[in-house]
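> Below is the structure I would like to discuss, written out as structure tokens.
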Amino acid sequence: MPKIQLAVDGSASALRATRKLIESAAWYKEPPTVELVAVHLPVPAVGFADVVVSRDMIERYCREEGGRMLAAARPLPDAAGIGYQPHILVGPIAPTIVDHAHRSGCHMICMATRGMTALSNVVMGSTATKVLHLAEVPVVLVH
């Protein structure tokens with residue numbers, strides 16, 4: 001059974017990638033299983049911030065933001081009857097995407113070329129470029 005990692009960030013581009021993955025699911029002999037992944041950058045440690053902001057508060061913040069990133073994409077595979085496992089990860093985005101795909105045994109990574117930040121829209125997303133360079137499995141980029 002093919003296993004595909006779909007990286008999303010809540011953007012319109014990520015929804016296009018989700019739709020494209022759903023469209024292509026029929027190409028497979030068996031329906032693919034999907035690792036639906038949202039990666040949140042770590043909250044930087046600044047000065048005495050740990051005195052005011054607890055570790056639990058940071059973890060809750062990352063879970064909530066990650067949940068928002070996943071929320072827009074989740075109804076699409078649900079409606080198409082495609083099974084998936086949602087994951088909220090924290091770390092540098094491209095290496096975390098690639099590491100999770102490797103650890104979970106994914107055969108492919110699917111993601112959008114444009115993300116949520118204005119900077120990422122200047123060129124083909126810097127995250128997408130990094131994933132292409134780091135991944136040892138095929139990467140499908142959806143524009």
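Laboratory data are not the source of any read-out in this text; all were calculated from the coordinates shown. Remember, predicted model here, so these are calculated numbers, not experimental data. Reconstructed Cβ throughout: ideal geometry from the backbone, glycine too, with neighbour counts over all protein chains shown.
> Describe numerically, in nm with one decimal, the distance between label points set 7 Å from Cα along Cα→Cβ at H102 and at E30.
2.5 nm
> Could you list K3, K29 so that the one with the fewest beta carbons within 10 Å of its beta carbon is first and the one with the most is last?
Taking fewest neighbouring Cβ atoms as first place, the list is K29, K3.
> Excluding same-chain residues fewer than 8 positions from K20, which aspartates and glutamates have a Cα within less than 16 Å of its Cα?
Of all the aspartates and glutamates, those that pass the test against K20 - Cα under 16 Å, at least 8 places apart if same chain - are D9, E35, D78.
> With a 10 Å cut-off between alpha carbons and a GNM built on the chain, which of A26, A45, A73 moves the most?
Of A26, A45, A73, the most mobile in the Gaussian network model is A45.
> What order do you get for V140, V131, V90 when you list them from fewest to most C-beta neighbours inside 10 Å?
Ordered by Cβ neighbours within 10 Å, fewest first: V140, V90, V131.
> What whole-number volume per residue, in cubic angstrom, does the convex hull of the C-alpha atoms of the chain give?
Taking only Cα atoms, the chain has a hull volume of 112 Å³ per residue.
> Related question: Explain nothing, just the number: relative contact order of segment 3-142, from Cα pairs under 8 Å at least 6 residues apart, as a whole percent. Walk me through the numbers before you get to the answer.
Details: 231 pairs, mean separation 50.0, N = 140.
Relative contact order of segment 3-142: 36 percent.
> Another question, then. Test of understanding: what is the full-extension gain from H133 to Y61, defined as 0.36 nm times their sequence separation minus their Cα-Cα distance?
22.9 nm
> Using a Gaussian network model on the chain with a 10 Å cutoff between Cα atoms, which of R19, R60, R74 fluctuates the most?
Comparing R19, R60, R74 in a Gaussian network model of the chain, the most mobile one is R60.
> Can I ask one more? With springs connecting C-alpha atoms under 10 Å apart, model the chain as a Gaussian network and identify which of S104, S126, S11 has the largest mean-square fluctuation.
Of S104, S126, S11, the Gaussian network model singles out S104 as fluctuating most.
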